[in-house]
Amino acid sequence: MGADRCQKIEEALQAFALDGAVKAYERYGSGHINDTFRVTCEKDGKEIHYILQRMNTEVFKDPVSLMKNIIGVTSFMRKKIIEQGGDPERETLNLVPTKDGKLYFVDSINGYWRVYLFIEDTACYDLVEKPEDFYNSGKAFGHFQRLLSEYPAKELTETIQNFHNTPVRFETFQKAVEEDICGRRKDVEKEIQFVRDRAGEMGKAMDMLAEGRLPLRVTHNDTKLNNIMFDKKSGDALCIIDLDTIMPGLSIFDFGDSIRFGANTGAEDEPDLSKVSMSLELFELYTKGFLEGCQGSLTKEEVDMLPMGAKLMTLECGMRFLTDYLQGDVYFHTTYPEHNLVRCHTQFEMVADMERKWAQMEEIVKRQAENIR
Ligand code: ADP
Ligand code: GN1
Ligand code: MG
């Protein structure tokens, strides 16, 4: 399926104003949504790399508005980085234009492509290797959110409606269970029950938003650890990537999605559940970093709701993996038939562990928030 979608890769490579001659390209990274390639060009005996992406238009139905968001946000970030004396070619994404000056390319079968400068000498992690990296990622995501608070929200298109509307995700899940189009329901009754047992909690954040108790902010919405690049030399969290889902959202969900992925002692698709748990040490480090990065911009109710943000993002993501499993693996990239189910299991294990450690999570948030004040 991936190969079919990308059959026009050569056409795309021709279209962009790349420096030098294309020598090679290969699939790259472990993102679940777009088709990502690393392209190697050669010029005067030197190699130049690019990231070429075929955007997933099944997921992002309006790629033109999506690109408008990315152009707007990266230009905004560029200005901020320059003001702060940083390096705009490494600290934010840089789109490479096509030969006719556009910032994306539409191939002859209506595939949408874009190219970014490749950020060299960086590392990107699917699992926390050094705890301080996770602290730094918290600081970077908090700071990113703080910077975005100055971005005019009305200029952003909602690239996926109801992206983190957990009750709406629950309705979609219930429908997938009812329809059972692949006949997989019989094998996942226990997992379905796990979700249904928590139905009463799904609306906790969205209800507070509706009541005006949580503010709508401009958020990243996909803050997992592999959406941030670390500088190999300094170890700093250098650049936040994967800007496809920047849109109005909840701060606690940006916090929560990072915890879901990075505070897990196992990988998102670890089949051995004895390796999966919610590390309180990592939770505390990220909380500290995130609060520092936000520089006091969060309201008291947002701070109080951080643990719930983590739980809801993890429950929602597990439910999304299970929904995709029931629907025949049509949304997330998978590499084997049970992949989505394995991912669902790690998420539910994390949720169960958060429930066991709830009092400590609340205690940590309280302590870290007091330290900031
Ligand atoms: P997806 O939406 O599928 O997750 P991403 O935009 O996150 O796609 O890209 C997938 C992976 O490609 C990232 O996790 C990262 O490893 C790598 N990547 C993306 N952009 C760059 C870049 N500009 N420079 C270097 N690596 C990148
Ligand atoms: C997807 O694109 P990627 O791999 O960074 C997904 C996120 C999920 C995540 C789970 C647009 O993120 O919402 O949390 O997988 N992105 C989209 O790993 O659905
Ligand atoms: Mg990604």
Förster-model FRET efficiency, 45 Å R0, V64 and K186, C-beta, rounded to 0.05:
0.60
For segment 347-366 and segment 1-65, write down the distance between their C-alpha centroids in whole Å.
40 Å
Kirkwood hydrodynamic radius for the chain: how many Å is it when counted over pairs of different Cα atoms?
21.4 Å
Please list, or write none, the lysines whose alpha carbon is within less than 20 Å of the alpha carbon of K186, excluding same-chain residues fewer than 8 places away.
K175
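In the neighborhood of D242, defined by Cβ-to-Cβ distances under 14 Å, what is the net charge if each Lys or Arg adds +1 and each Asp or Glu adds -1?
On the way: positive: R114, K224; negative: D35, D126, D222, D244, D254, D257.
Net charge in that neighbourhood comes out at -4.
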Between F16 and residues 5 or more places away or on another chain, which pairs have amide H atoms under 5 Å apart, with H built 1.01 Å from N, and which residues are they?
K99
Does anything in segment 5-41 have its amide N under 16 Å from the 7 Å Cα→Cβ label point of I109, and if so which residues?
5-13, 35-36
Per residue, what accessible area does segment 233-368 have, given a 1.4 Å probe and all protein chains present, in Å²?
32 Å²
Looking only at aspartates and glutamates whose Cα falls under 12 Å of K99's and that sit 8 or more positions away or on another chain, we get D19
Between M247 and residues 5 or more places away or on another chain, which pairs have amide H atoms under 5 Å apart, with H built 1.01 Å from N, and which residues are they?
T219
With every protein chain left in place, what is the accessible area per residue of segment 120-169 in square angstrom, probe 1.4 Å?
50 Å²
Cα gyration tensor of segment 56-143 - equivalent ellipsoid semi-axes, whole Å, descending
28, 18, 13
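If I stretch the segment between R196 and I160 completely, what's the gain in nm (0.36 nm per residue apart, minus their alpha carbon distance), one decimal? Walk me through the numbers before you get to the answer.
Details: separation 36, 0.36 × 36 = 12.96 nm, distance 2.44 nm.
Computed gain between R196 and I160 is 10.5 nm.
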Mind checking which aspartates and glutamates have their C-alpha under 19 Å from K366, skipping anything on the same chain fewer than 8 residues away?
D254, E281, E284, E292, E301, E302, D304, E355
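How much of the accessible area of the chain, probe 1.4 Å, is carbon plus sulfur, in whole percent?
Values: 8190 of 16560 Å².
Carbon-and-sulfur percentage of accessible area, whole number: 49.
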Selected from C294, Y112, V168, residue furthest toward positive end of dipole (the chain; charges at beta carbon):
C294
Label-point separation in nm, E338 to S30, each point 7 Å along Cα→Cβ:
1.9 nm
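For the pairs K79/K139; K190/K275; K232/K275, flag any whose C-alpha to C-alpha distance is greater than 24 Å.
Among K79/K139; K190/K275; K232/K275, the Cα-Cα distance tops 24 Å for K232/K275.
The values are calculated or read from the model by the stated rules, or taken from the named source; none is laboratory data. Please read all numbers here as calculations on a predicted model, not as lab measurements. With ideal geometry, Cβ positions are generated from the backbone for all residues, glycine too; neighbour counts draw on all protein chains shown. Side chains are part of the model used for accessible areas, which takes the heavy atoms of the whole protein and leaves out ligands, DNA and RNA. Shrake-Rupley method; radii C 1.70, N 1.55, O 1.52, S 1.80 Å.
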